[in-house]
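**Q** Could you have a look at this structure, given as structure tokens, before my questions?
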Amino acid sequence: MAIESACPVRQTVGVPPPTTARGPVDDALVACVDGDPASFGPVYDALAPVAYGTSLGVLRDPDHAAEVTQEVMVEVWQTAARFDPARASARTWVATLARRRAVDRVRSEQSRRDRDQRDLDTSVAGAQRDVVAEDVERRMAVRASRAPPSGAASTPSPPCSGRPSSRRTTAAGRTGRWPTSSVRPSPP
């Protein structure tokens, strides 16, 4: 029994073989090596959307993606001599540059946020607190929440049951009890 029959090799139909032919953008990028600004126009027009799309996919922020795209296209202009059309297409090279730059931007932003948070935590933790003032303010807030609304009587009046109360109020505002003896005082 042959190995081919035990493990059949799947034939791919309709899949083109990898090409090593260079496209017009690759040729234009190679022409930029000499520093010709006129040759960079078509390169920029063809590759800036690739850089922007890749950056936007990583960053999820159009403004940051536009900044990264600008940085990548400046890098493409300055380092066009590093482009090797035998290794990858110009699109792939620019997409790789954009992805790396976007990931660097994400890391930079996260570091900035962490640093700002540490600074904030340090400044808040180092601030002196007036514990007495905070306690007084808290007690005043509790008292204010328990106080009756303005215009209401400050002391509740006793319920009216129709019977005379055994409590009396003196001129000074103190309360006391009436004598409750069964003997009535004699009239004067």
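**Q** Give, as a single signed number, the net charge of other residues whose beta carbon lies under 12 Å from the beta carbon of Asp84, with Lys and Arg counted +1 and Asp and Glu -1.
**A** Numbers: positive: Arg22, Arg82, Arg87; negative: Asp26.
Neighbour charge sum, excluding Asp84 itself: +2.
**Q** Count the net charge of all other residues whose Cβ sits under 15 Å from the Cβ of Gly23, scoring Lys and Arg as +1 and Asp and Glu as -1. Provide the component values of the computation, followed by the final result.
**A** On the way: positive: Arg22, Arg87, Arg91; negative: Asp26, Asp27, Asp45, Asp84.
Local net charge: -1.
**Q** Give me a comma-separated list of calculated 3J(HN,Hα) values for the range 75-84, in order, Karplus coefficients 6.51, -1.76, 1.60 applied at θ = phi - 60°, integers in Hz, x for any Gly or Pro.
**A** 5, 4, 4, 6, 10, 4, 5, 6, 5, 10
**Q** Count charges around Ala95 for me, please; just the other residues with Cβ under 14 Å from its Cβ, Lys/Arg as +1, Asp/Glu as -1. Please list the in-between numbers first.
**A** Values: positive: Arg87, Arg91, Arg99, Arg100, Arg101; negative: Asp26, Glu75.
Result for the neighbourhood of Ala95: +3.
**Q** So what are the range 24-124's ellipsoid semi-axes, whole angstrom, largest first, if each one is the square root of 5 times an eigenvalue of the alpha-carbon gyration tensor?
**A** Numbers: eigenvalues 221, 29, 25 Å².
Sorted largest first and rounded, they come to 33, 12, 11 Å.
**Q** Which whole-Hz couplings ³J(HN,Hα) result when phi for each residue of the range 58-68 is put into the Karplus expression 6.51 cos²θ - 1.76 cosθ + 1.60, θ = phi - 60°, listed in order with x for Gly and Pro?
**A** 7, 8, 6, 9, x, 5, 5, 5, 5, 5, 5
**Q** When the Karplus curve 6.51 cos²θ - 1.76 cosθ + 1.60 is applied with θ = phi - 60°, which whole-Hz ³J(HN,Hα) does each residue of the range 106-111 get, with x for Gly and Pro?
**A** 4, 5, 5, 5, 5, 5
Every number here is computed from the coordinates shown, using simple stated rules; none is lab data. Predicted, not measured: the structure shown is a model, and the values here were computed from it. Quick reminder, even Gly has a Cβ in these numbers, built from the backbone with ideal geometry, and neighbours come from all protein chains shown.
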